[in-house]
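K.L.:
Dropping a structure here in structure tokens format, bear with me for questions.
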Amino acid sequence: MSEDWWDVPGNPYAPAQTRGPAVLESPSPSILAPQDGDAPSQPYTAAELLALEATTAALVRLDCGLAASSRAVAAGWINRMAIEEAAASARLNGILIDTADLRLLAWDSLDRAPDPDLAQALPLYDLVRRIAARHPQHLYTPRRLAALNRTRLTRSTAFSLWNGAADDVEAEERWAVLQAALGPDDLTRLRAAPALTGAAGFLAHWHQVRADRSAGAALGRLLAAWWPARQGLVVARRHNLDGATFEGSDTFVSPTHPAFAGGPVLMPSIGFLGHAQEYRPDRQEGWLLAFLNAATRSLARGEVLLRRLRLAEVRLAEALRPKRSTSRGPQVAAFLLAQPVVTSGRLAHALDMSGTAARTLLDGLHSDRLVLEISGRDAYRAYMVE
């Protein structure tokens, strides 16, 4: 891309005052999408406009579905989607792993030593969790973003915000690239576009300034995922979910909990599973449509997961209906929904139960097909609800 990429006539990421006249091309004529206020219209091809409308509707629909869900379902959704996003992001980085293995490893339930690829993907899951727990207002300035990488704030010497970045990047170079990627003028241009168009444009800009090499492509994808919340298209933080106490992975000592904080609802890497050849943010032509199509696939996966968790909530509530005032049935149901991996030991510790009682309870729920056994072991078994 050229240095005057923003000023290319007809560029859908450019601000209204610099776009220039739309050029009609066959067979995909430009269509003028109305903007708020008195700003001039923005040109899109027919396919881009249809995709933008459909994806925006799907994003808002999923956001509203999460807002209407219980705290346990919402926390369980972000926990499970974070694992899938980390696995998909690893694949885009050239690390081929199995999502089920990453789930077990991240939640301290894998019964073998991880292979090198799986070990490389594990920090990506921590990165997704940490970024997901932040407010978007704290992510788009170089100083605040770089502050997340300080050990005294993350409380984990193993954590690196720059996961997947090149090893030969000096601190001064990384700082200069962050300033270029998060420049106020560039962010202002992106804010002039619809939220999802801005997310695609942000990821393209991240690659244009080579921040994918200096700071990591995975971080750029997560910042693009938060862009709709920054723009107000989805809720940035839900007040009724603040202070959720669902425990997180045992693998990391993290200052954040994995409970749903309002975003990001969009998990872009998931949408490129099976379509990795379309992940070309370094190319202007066709990138917006590819991003929107991937977002649609990711949101469809999110809706399916949300429906399954809400159905599981109803079934668990029926199976664990309290028979006396001291029953822990509701707490057990909430814990099973919130955690992507449950063991008898973790359940017993969280709810102050005996190990025998926890094992008996999980075995009964497994017999009733309310939980799935995912470890494949005869002892120290691991379960999940979906």
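The values are calculated or read from the model by the stated rules, or taken from the named source; none is laboratory data. Small disclaimer: the values here were computed from a predicted structure and weren't measured. Cβ coordinates were reconstructed from backbone atoms using ideal geometry, including for glycine residues, and neighbour counts include every protein chain displayed.
K.L.:
May I ask you to list pairs of residues, at least six apart or on different chains, whose Cβ atoms are under 9 Å apart, with the first in region 176-204 being in the same structural domain as Arg230 (by TED's automatic domain parsing) and outside any helix (DSSP H, G or I) and the second being among the hydroxyl-bearing types (Ser, Thr, Tyr) and at pLDDT 95 or above?
P.N.:
Cβ pairs passing all conditions: Pro194/Thr56.
K.L.:
Also, quick follow-up: If I ask for residues that are in contact with a strand residue (DSSP E or B) (Cβ under 9 Å, 6 or more places away or on another chain) and polar (S, T, N, Q), which ones from region 353-379 would you list?
P.N.:
Ser375 - this is the single residue of region 353-379 that is in contact with a strand residue (DSSP E or B) (Cβ under 9 Å, 6 or more places away or on another chain) and polar (S, T, N, Q).
K.L.:
I've got another one for you. I'd like the residue in region 314-326 that is without any contact (Cβ under 8 Å) to a residue 24 or more places away in the chain and assigned to a helix (DSSP H, G or I) and, out of all such residues, is surrounded by the most Cβ atoms within 10 Å (Cβ to Cβ).
P.N.:
Ala317
K.L.:
Modelled with pLDDT of 90 or more and either surrounded by 22 or more Cβ atoms within 10 Å (Cβ to Cβ) or more than 24 Å from Phe291 (Cα to Cα) (or both): which single residue out of Phe159, Phe202 fits that description?
P.N.:
Result: Phe202 is the single residue among Phe159, Phe202 that is modelled with pLDDT of 90 or more and either surrounded by 22 or more Cβ atoms within 10 Å (Cβ to Cβ) or more than 24 Å from Phe291 (Cα to Cα) (or both).
K.L.:
Sticking with this one: Which residues, taken from region 118-150, are assigned to a helix (DSSP H, G or I) and free of Cβ contacts under 8 Å to residues at least 24 places away in the same chain?
P.N.:
Leu118, Ala119, His138, Arg143, Arg144, Ala147
K.L.:
Only one residue in Leu336, Leu311 is buried (at least 18 other Cβ atoms within 10 Å of the Cβ), aliphatic (A, V, I, L, M) and within 30 Å of the chain's Cα centre (by Cα), so which one is that?
P.N.:
Only one candidate qualifies: Leu336.
K.L.:
Looking only at region 354-371, how many residues end up being closer than 15 Å to Arg315 by Cβ, of a type outside the set (Gly, Ala, Ser) and either in contact with a Pro (Cβ under 9 Å, 6 or more places away or on another chain) or loosely packed, with under 13 Cβ neighbours inside 10 Å (or both)?
P.N.:
2
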